[in-house]
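Chemist: Below are the structure tokens for one structure; questions will follow.
The values are calculated or read from the model by the stated rules, or taken from the named source; none is laboratory data. Here the structure is a predicted model, which is why all the values come from computation and not from measurement. Don't worry about glycine lacking a Cβ; one is built from the backbone with ideal geometry, like all the others, and counts go over all protein chains shown.
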Amino acid sequence: MGLHEIEARIEKAVQDAGRDRCEVQLIAVSKVQPDTRVKAVLEAGHRLFGENYVQEAQGKWPAWREDYPDVRVDMIGPLQSNKAKLAVELFDAIHTLDRMSLAKKLAAQVQSRGRCPDLFVQVNIGREPQKAGLMPEALDEFVSDMRAMDLQIVGLMCIPPEGADPRPYFDTLAEMAARNALKGLSMGMSSDFEQAIAAGATHVRVGSAIFGARDYGHA
Ligand SMILES: *Cc1c(COP(=O)(O)O)cnc(C)c1O
């Protein structure tokens, strides 16, 4: 388990950036990981987790929430509109709001339940056709639409193009958040969370560096 090493690296990245440790939350991305590994991280006292699949999260977190009532689980994977109801029930935050159709479904659920997960708007920061996320030029209008619908947007999320230097993408996302008066920046994964912290990340999503490689063959 690499939790302690990652905690130490976050601490150092925060110091190097002249920031405060409490400004950065570590989301331990537990998708597809065996229960024993997730349990070890829970036992070590970590309480914030990320999942990519509604069904998988539904299968494992309700039971763990009983044992660890202060646990938080964030949705960081693409969300189908027909799963909006489940998602609002299961998750404390949704990092992947990227279209009006999903926003409408979420708004309806929030209305009826009186409870809203923290919402991050995912931006397709590298304009990659195969990736989810709102195109950067559509962001400002989308954020004001969300505010008009009384949906509480807390920040932006991105996944930079693979193999590229992530720093300019992180900087761009930080500028987009600032000009929309949004404080949250969900960016940085196992390979680049230190650069993300230098660019202002408030939520880093780290999976394999904590839990080990994911074995999709046995998922
Ligand atoms: C899987 C995933 C992560 C974690 O990836 P690692 O490289 O294992 O740290 C982070 N963010 C998103 C959106 C993911 O899908």
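Chemist: Tell me, which helices (runs of 4 or more DSSP H) wholly within the stretch 162-219 include 1 or more residues that are surrounded by fewer than 19 Cβ atoms within 10 Å (Cβ to Cβ) and more than 10 Å from the ligand (Cβ to nearest atom)?
Modeler: In the stretch 162-219, the matching helices (runs of 4 or more DSSP H) lie at 167-179, 193-198.
Chemist: Here's another thing I want to ask about it. Of the conditions (1) modelled with pLDDT of 95 or more; (2) in contact with a strand residue (DSSP E or B) (Cβ under 8 Å, 6 or more places away or on another chain), Gln152 fails just one. Which one is it?
Modeler: Gln152 satisfies all of (1) modelled with pLDDT of 95 or more; (2) in contact with a strand residue (DSSP E or B) (Cβ under 8 Å, 6 or more places away or on another chain) except (1).
Chemist: Considering only the stretch 59-71, I want to know if a residue exists there that is within 15 Å of the ligand (Cβ to nearest atom) and surrounded by 16 or more Cβ atoms within 10 Å (Cβ to Cβ).
Modeler: Checked against the condition, which is being within 15 Å of the ligand (Cβ to nearest atom) and surrounded by 16 or more Cβ atoms within 10 Å (Cβ to Cβ), the stretch 59-71 yields no hits at all.
Chemist: Still on this structure, please answer the following. Please find, among Ala44, Ala8, Ala13, Ala40, the residue that is buried (at least 17 other Cβ atoms within 10 Å of the Cβ) and either in contact with a Ser or Thr (Cβ under 7 Å, 6 or more places away or on another chain) or hydrophobic (A, V, I, L, M, F, W, C) (or both).
Modeler: Step by step, each of Ala44, Ala8, Ala13, Ala40 is checked, and only Ala13 is buried (at least 17 other Cβ atoms within 10 Å of the Cβ) and either in contact with a Ser or Thr (Cβ under 7 Å, 6 or more places away or on another chain) or hydrophobic (A, V, I, L, M, F, W, C) (or both).
Chemist: Follow-up question, since we're still on this one. Might you let me know whether the stretch 136-147 holds any residue that is part of a loop (DSSP other than H, G, I, E, B) and surrounded by fewer than 15 Cβ atoms within 10 Å (Cβ to Cβ)?
Modeler: No, the conditions are met nowhere in the stretch 136-147.
Chemist: From the set of residues in the stretch 30-81 that are of a type in the set (Ser, Thr, Tyr) and in contact (Cβ under 8 Å) with a residue 12 or more places away in the chain, which is nearest to Gly133 (Cα to Cα)?
Modeler: The selected residue is Ser81.
Chemist: Here is a further query. Do we find a residue being free of Cβ contacts under 8 Å to residues at least 60 places away in the same chain and farther than 23 Å from Gly200 by Cα anywhere in the stretch 115-126?
Modeler: Yes.
Chemist: Shifting gears a bit: May I ask you to list the residues in the stretch 20-45 that are more than 16 Å from the ligand (Cβ to nearest atom) and assigned to a loop (DSSP other than H, G, I, E, B)?
Modeler: Asp20, Ala44, Gly45
Chemist: When you check Ile125 against the structure, is it within 16 Å of the ligand (Cβ to nearest atom), more than 14 Å from the chain's Cα centre (by Cα) and within 30 Å of Ala174 (Cα to Cα), yes or no?
Modeler: Yes: the conditions hold for Ile125.
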